[in-house]
Structure formats: C-alpha cells, structure tokens
C-alpha cells in the first residue's frame, strides 16, 4: 500500500499543475528559485513550451529575453535527469534563437527570431553563452553541434583565447582515434586547424596553460620538433592535472625520438603526480619491457588496477575542459538579469 501511494505521489509531482505555465516558470527563474523553475519546466509538453515561447516573443516583458536564454540553456545542458535528448535539443534551439536576436553576423545556427520587442542579450552574455554551450557539447562528445557553434563564435570573437581553445579542442576530437569513419587526410587537416587555433590562443593569452598543453600535444602528433619545448612550459603548472598530462606527453615525445631514458624519466614523473593514472603506469611498464626489463615491467602493472575508481585525466582529455560546464552554467544563471 505504501509503495502504491509513493508511486501516486510521484505521478502527481510529474503532472503539470495549473500554475505550471511558461510565464510563471520564467518569472520564478528570473527572481525566485531557479532550480525549482527548471524542474517545473521539465514537466511542460513541447507544445506548451512553444506556446509560452511565442508569448515571450510578443507579450511578455521585453527585458526577459536574456533570462529566457539562460533558462533554456540550463534546461538543455544542465544535469536534470527529466530532460531527454530531444527536449535538450529543443531548449537549445530556443536559446539559440534568443542569442541570435540582434547578432550582427551572416551565418545562422537556427531559425531567425521573428520580429519581437525583446531586447537583444548583452555582448558579455552572448560571449559567455557561446563558451558555455561549446564547452558543454564538447564535454559530452557532441562534435557536430559543438563545431557549428564554434564556427559561429569564431566569426564573432576571432581573437578570443577561450573561443580559439574550444575550436582547437573540437579539431583534436575530430582527429582522435575515437572518432570513427574519418580518413587519415581529414585527421591531418583537423590537426593542422587545431595547431593554428592553439597558436592564436596562446598569443591571445600566454597564461592559458590548457592551450599550451594542447599545442604541445598537437605538435607531437604532427611530428613537430618544438613539441617538447612547448610541453616543458606546462611541466611545473600549479594544477596536478596539467603536470600529469604534460609529463605523460613529454614521455611520448622522447619515446618517439627513441630516447628511452628521457621517456622513462617523464613517465615516472607522471606516475608520481598521479599514482593512480593508468595511462602513465602502462607507459612505464611498456617502456621497461622494451628496454628488456620484463620483470620490472610486470611489477608495476598492479598499480594500474589497484584502485579502479582512480581518475586518469588522459581518458577524458579528448572531451576538453568538461568540468567547467557546471561553473559556466552557474555564471550564465547569475548573468540572467541585465
């Protein structure tokens, strides 16, 4: 009986209440409980959302466009489990239309927004929105959509270090072995594009160590001799992830140069930085095995599986700075009001 009652309560919670209309939800997101507003928004049907959006375009306050863009972006990219892939795409499309209002650029990612008294979003909000959306899409492996938004962002912000870095991450993802169905020539072309974007990103902001790290990695993949010099700039970074990856990549650089001693030195440094980093442990093991130390190669392998829950930044490297997504979404929420 209790289980039945609990299920009934859950069903009632998912059924839209009379007050769960788009205008009320948007008002709550604007000046009330944003998380509760998103939960209520998730209960609306696509038609109810479209009807509410049309109301926003024609009858609601002209100042609410930026708030609505933030709300729909969170609904599309936030962690709510009630949001399906189709619903996420719907919300992102609506947010895109709001962002593009008044945007001085030829290209369009979605349907042009009809004439409306809504105020265009501010320039600061628009830039933050693009960075947020591209970061989130890359973080979930959505290469196609992220590339379209990155292309748009580069037209708007051609010298922005973050936009250039995100563009390069997308090209690295395309060139990765994890991306299927791509010819070798296309992978090489993507690495060429990534190098150009990363060089421009480093020029725009030399302190952006993520760009330095990725430039070194791309140079290595393109067999450029400058790879080691670039990676060395990151080897003493304040962030353990950057130190780990730079050491791992430097080991690979010296491995490719058949400098076994230097390679083992850097692989060992990577292990010291993150003892649970499976990629570094396996690299040390393989390096020892190639050097004829089969016993030593075998002895280190248990460290790679000692803690199956240990995080290794190498496995998520291809997905860019995915951990920034909730931070950026929170910044977008805070910037909702003009």
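Each value in this text was obtained by applying a stated rule to the coordinates, not by laboratory testing. Here the structure is a predicted model, which means the values were calculated and not measured. Cβ sites come from the backbone with ideal geometry, for glycine too, and all protein chains shown count toward neighbours.
A few remarks follow.
- Legend: ranking of residues 289, 317 from fewest to most surrounding C-beta atoms inside 10 Å; resulting order 289, 317.
- Extension gain from residue 177 to residue 236, taking 0.36 nm per residue of separation minus the Cα-Cα distance: 18.4 nm
- Helix 184-204 axis versus longest C-alpha principal axis of the chain: approximately 80°, rounded to the nearest ten.
- Using alpha-carbon coordinates, inclination of helix 260-273 to the longest axis of the chain, degrees: 40
- As a length-normalised measure over Cα pairs under 8 Å and 6 or more apart, the relative contact order of the chain settles at 14 percent.
- If R0 is 45 Å, the Cβ-Cβ spacing of residue 43 and residue 155 corresponds to a FRET efficiency of close to 0.75.
- Remark: relative contact order (segment 210-256) = 34 percent; criterion is Cα-Cα distance under 8 angstrom and separation of 6 or more residues.
- Compared with the dominant Cα axis of the chain, that is its longest principal axis, helix 240-256 is turned about 50°.
- Segment 278-299 and segment 27-59: distance between their alpha carbon centers, rounded to Å: 56
- Segment 196-238 versus segment 79-156: alpha-carbon centroid distance in Å: 29
- Length, then width, then depth: along the principal axes, the Cα atoms of segment 239-314 run 31, 25, 14 Å.
- Value of [θ]222 nm, deg cm²/dmol, for the chain, DSSP H segments ≥ 4, -39500 (n - 2.57) each, nearest 500: -21000 deg cm²/dmol
- Cut-off 11 Å (backbone N to label point 7 Å along Cα→Cβ of residue 316), residues of segment 123-149: 139-140
- Three-way shape call for segment 13-121 based on the alpha-carbon gyration tensor, with the a/c threshold at 1.5: prolate
- Ascending count of other beta-carbon atoms within 10 Å, so fewest first, for 319, 125, 249: 319, 125, 249
- Cα gyration tensor shape for segment 122-234, rounded if a/c is under 1.5, else prolate or oblate: oblate
- Efficiency of FRET from Cβ geometry, residue 63 and residue 226, R₀ 51 Å, rounded to 0.05: 0.50
- The relative contact order of segment 239-314 comes to 28 percent, based on Cα pairs under 8 Å that sit 6 or more residues apart.
- Sorted by Cβ neighbour density within 10 Å, fewest at the top, the residues 154, 178: 178, 154
- Extended-chain gain in nm, criterion 0.36 nm per residue less alpha-carbon gap, residue 298 and residue 259: 11.9 nm
- Net length available on complete extension from residue 289 to residue 105 is 60.6 nm, with 0.36 nm assigned per residue and the Cα-Cα distance removed.
- Considered as an equivalent ellipsoid built on the Cα gyration tensor, the chain has semi-axes of 44, 25, 15 Å, the largest given first.
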